[in-house]
Structures are given as structure tokens and as C-alpha cells.
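Working notes, structure below.
The values are calculated or read from the model by the stated rules, or taken from the named source; none is laboratory data. In this text the structure is predicted, and so the values were computed from the model without any measurement. Don't worry about glycine lacking a Cβ; one is built from the backbone with ideal geometry, like all the others, and counts go over all protein chains shown. Keep in mind that these areas ignore ligands, DNA and RNA; they rest on the heavy atoms of the full protein, side chains included. Shrake-Rupley method; radii C 1.70, N 1.55, O 1.52, S 1.80 Å.
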Amino acid sequence: MIRTTGLTKSYGSVRAVDGVDLDVRAGDIYGFVGANGSGKTTTVRMLLGLVLATSGQMQVLGEEMPRRRRSVLPRVGALIENPAAYPNLSGRRNLTLLDAAGPGGSRRTRAARVGEALEQVGLAGVGRRPVKQYSLGMRQRLGLAAALMRTPELLILDEPTNGLDPQGILEIRELLLGLHAKGTTVFLSSHLLAEVEQLCDRVGVLDRGRLVLQDQLSAFQQPTGRVLVGTPDPAEAVTVLSGVQNATVLHREGQQLVIEHPDSALLNRLLVEGGVRVSELTTQQMSLEQSVLAVTGASADRVDGPVRSTRTQVTA
Ligand SMILES: Nc1ncnc2c1ncn2[C@@H]1O[C@H](COP(=O)(O)OP(=O)(O)OP(=O)(O)O)[C@@H](O)[C@H]1O
């Protein structure tokens, strides 16, 4: 669906995107994550032919971009940062104009298409209200409605939940999952790792312009080797575990124990056989956030001053 080879964009001496090889497959909900300034928006703009790459190749829907953009872009729904709209016109009117300006799409069915897109994003009730009266979240929903107008095969979304409250984020997540279930491939850039973890099945991590990891979400959620055990018999559990090979109690608080042990099923059996009642047992996994922070550096838009000595000079 999206394949790039050595995709690079330089702004003067700044390599905003540096040799990126993206591989987004049909049916993916792909999370493109990275800190502020890591190059996500620049990549998205190149994929859509809005910014020219300095070097590298791109294929979108199997066709070379930007050379084939006329045949590719009508099949792609896109939302990029701060979607533009005529402020004095209503959302409905904006979408109608957009639909009229694009290729294909019968005029007879235009009103129905616009109505359906507004309904999908939860803006069906905005009526004649001009866009200048919309909240940030409503503008974001309108941008998403514009992306959905032509039932795209591929959705490319840059920070789609920007400006939305938790309820709005949940609604957009459900909308994207519904579209995905109907066959739409979704490529979503975000710096919200918890959000990506709930939605995406494949993840690419950008760090200062470089793609440092690209894999299935499950590969980012490896077991930590720790098991969380809840038991009304914590003292007995500690006694039993003192005789278990490779088991170390790392932490005990109330009825909760954190145990280092490679096999949670075996641990459960040994505890129960030792007469310990186990009310809860969870194999701890890395979160996406922990995995990403382990492979990335400081935020790219962090601007530190000169390194200061920690030694304090005492003057009389
Ligand atoms: N038009 C431009 N001219 C000069 N530098 C630019 C331009 N656009 C982006 N950059 C630089 O490229 C780098 C990547 O920016 P980009 O906006 O792609 O990052 P991002 O990951 O989308 O960040 P954010 O989440 O904050 O939008 C930054 O250092 C930015 O300052």
C-alpha cells in the first residue's frame, strides 16, 4: 500500500527525513510514531506529493509517487495538520465544494455523500453553522469527513485526534476500526503512543528522521520476565517462592507481589500446590511507550542550553 526506499528530505543542513524505508501492507492499521519534530509530517507530505523528496523512491497503492499522483490521490483519503476550510461557509457547504472540485463522483449523489461523511464523523447536526464557529475538535472531524468522502482504499492521517477530548478520541478510534473492518488500510501518524497501542496492528518508529523500528505491535509488547501476582496469602507465597528455582520476589505490597520468573504458568502451579490462593496472575509486558523510549533519543524539538557544571561554587 505504501512502500518507500531511502526516502530523504533535507531542509538546508537539517535532514528532516533520513533514508526511510516504509512498508505499509494492505489491511494494516499502521501507527507512524515519533516525538515532535521527528519528521512525521514531512513524510506524510511527501507521500501525498505536497513536498518533493530530496532523494529516494515512493510507491503508494502500487504506483510511483509523485509521478502518478493524478491516479493515486483520488483513491487516498488524507488528513494533514490543521485541515483548511472556508471559515464563512458551513461544514456541509465546504464538503460540497470539495466534492465538486474533485474528479469523479456523480453530482446527483453529492448531497447524500456529504451527509454520510458528516454523519460518520459526528457532525450531522452542525447545520448551517459557519466553520469559523467550530471548535478545534469539530474542525478536525470536518477534515476527517473530507478524507472519507470518496470511500478511500487508503487513509493517510496526520495526528487525527489533535484537539479532540477523550470522548472524541474514542469515537474516532471506533470510526477507524469500523472503516478498517470494511477493508480500508489506515496509515496514522501520532505522537500519542497509548492511542497507537489501542488502535494499530503495525508500528513504525521515527527518531530524528530515521525509521529505527518497524514491526507488528506484538513485537513491541515483549514479556518483561516479571509476573504480577495477587493473593490473600502473601506471606505464604513468599515462603513457597523462596524454594522455587529462578524465582525472585522483587516487590511486595499488601496482597500484590511482583515476581521475576520466566514461566507464569509454572509459577501459578507451584503457588497453588504450595497452598497459596492466587486471585490474580498477570505476565507483565513492555508497553509500546517503554519499547519506543528504549530505542529513541530526546525529543527532536528540545533545545538545551550549553551544558552547565553541577558543581556549585561557594563564595564567602
Ligand atoms: N519547511 C521547512 N523548512 C525548514 N525546516 C523544516 C520545514 N518543515 C519541517 N522542518 C524541520 O524538519 C524537522 C521535522 O519536522 P516535522 O514537522 O516533519 O516533524 P513531526 O514529527 O511532524 O513533528 P510534529 O509532531 O511536531 O508535527 C523539524 O526539525 C522541522 O523543524
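Restricting the search to the range 9-33, which residues are within 12 Å of the ligand (Cβ to nearest atom) and open to solvent by less than 10 Å² (accessible area, probe 1.4 Å)?
Residues satisfying the conditions are 17, 20, 32, 33.
For residues in the range 141-171 being open to solvent by less than 10 Å² (accessible area, probe 1.4 Å) and either polar (S, T, N, Q) or within 22 Å of residue 35 (Cβ to Cβ) (or both), which is nearest to the ligand (Cβ to nearest atom)?
158
Residue-by-condition table, conditions (1) over 25 Å from residue 192 (Cβ atoms); (2) at pLDDT below 95:
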residue: 4; (1), (2): no, no
residue: 12; (1), (2): yes, yes
residue: 17; (1), (2): no, no
residue: 29; (1), (2): no, no
residue: 34; (1), (2): no, yes
residue: 50; (1), (2): no, yes
residue: 55; (1), (2): yes, no
residue: 66; (1), (2): yes, yes
residue: 84; (1), (2): no, yes
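Within the range 91-98, is there a residue that is away from the ligand (no atom under 16 Å from the Cβ), open to solvent by less than 40 Å² (accessible area, probe 1.4 Å) and in a loop (DSSP other than H, G, I, E, B)?
no
Sort out which residues of the range 182-193 are outside any strand (DSSP E or B) and within 16 Å of the ligand (Cβ to nearest atom), and write them in order of number.
The answer is 191, 192, 193.
Going by the conditions given, is residue 49 open to solvent by 10 Å² or more (accessible area, probe 1.4 Å) and more than 16 Å from the ligand (Cβ to nearest atom)?
no
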